Amino acid sequence: MARLKQGINGPGQGRVGNVIMYEMYGKTYLRSRPNRYKDKKSEKQLAQRQRLTLAQNLVRYLNHLIRITMKDISTGRSTYHTAVSMNLKEAIEGNYPDQFINPEKVVLSKGDLTTPETVSFKKTDEGILVEWSAENKRVGSNHPSDNLIWCMKDLELLVHGDYQITTIKRHQGKALLLTPISREPVELWIMFRSADETMISDTKWVGTID
């Protein structure tokens, strides 16, 4: 049974016959209810389901991060759905049932700032030392005061996720990441955000930490 909160012209939610009414982001939507569900899926459907699961698990545990890094390109939908959609299109590769996430193509941010041309890392007794080239610190909208954001994610089990929005500046050219090392290999990405928090860069894959 559908419920109209503000009369017949207002928003509502529920079911009328085979039509389902629901609200999302202040708008009311209608969709048809399927007559029945079939458990048997074609290989194409199974492949799409696997792709969606991979993309969803990639974003899992990173909701707070992507609310910041994807907000400028998420118009009319949540940053979570934007991140899942973009990674479905760009980061999932291979053929079913052996599809996988390509860490080099993962999208955790999208913006006009540019990332360093070269980035490297090495393990130390204190943590993970990340170093980057600073020659493009004033290219385009880049600024030496841009702040580093880093993210780590296990792409094998897809259970470990860690990130930090730091105050380490682009011009410093290096950062020591004081984070517990996962027992599983994890991928490392970096991004930069302007000091006034109005601009952000694309995502830069640094490498696999094992």
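No lab work stands behind these numbers, since they all come straight from the coordinates. What you see is a predicted model; the values in this text were computed from it and never measured. Cβ placement follows ideal geometry from the backbone for every residue including glycine, while neighbour counts extend to all protein chains displayed.
Among the residues of segment 91-109, those that are assigned to a loop (DSSP other than H, G, I, E, B) and in contact with a helix residue (DSSP H, G or I) (Cβ under 7 Å, 6 or more places away or on another chain) comprise Ala91, Tyr96, Pro97, Gln99, Val106, Val107, Leu108, Ser109.
For segment 45-68, filtering for residues that are within 15 Å of Asn95 (Cβ to Cβ) and touching a residue at least 40 places away in the same chain (Cβ under 8 Å) leaves 5. Any residue in segment 142-152 that is touching a strand residue (DSSP E or B) at 6+ places or on another chain (Cβ under 9 Å), touching a residue at least 60 places away in the same chain (Cβ under 8 Å), part of a loop (DSSP other than H, G, I, E, B) and surrounded by fewer than 18 Cβ atoms within 10 Å (Cβ to Cβ)? Checked against the condition, which is being touching a strand residue (DSSP E or B) at 6+ places or on another chain (Cβ under 9 Å), touching a residue at least 60 places away in the same chain (Cβ under 8 Å), part of a loop (DSSP other than H, G, I, E, B) and surrounded by fewer than 18 Cβ atoms within 10 Å (Cβ to Cβ), segment 142-152 yields no hits at all. Thr198 meets all of the listed conditions (1) touching a residue at least 24 places away in the same chain (Cβ under 8 Å); (2) more than 15 Å from the chain's Cα centre (by Cα); (3) surrounded by fewer than 18 Cβ atoms within 10 Å (Cβ to Cβ); (4) more than 18 Å from Leu58 (Cα to Cα) but one, namely (1). All of (1) touching a residue at least 40 places away in the same chain (Cβ under 8 Å); (2) under 18 Å from the mean Cα position of the chain (by Cα); (3) within 19 Å of Ile190 (Cα to Cα); (4) exposed (fewer than 14 other Cβ atoms within 10 Å of the Cβ) hold for Thr124 with one exception: (2).
So which residues in segment 177-210 are in a strand (DSSP E or B), over 16 Å from Ala134 (Cα atoms) and of a type in the set (A, V, I, L, M, F, W, C)? Within segment 177-210, Leu177, Val186, Leu188, Trp189, Ile200, Trp205, Ile209 qualify.
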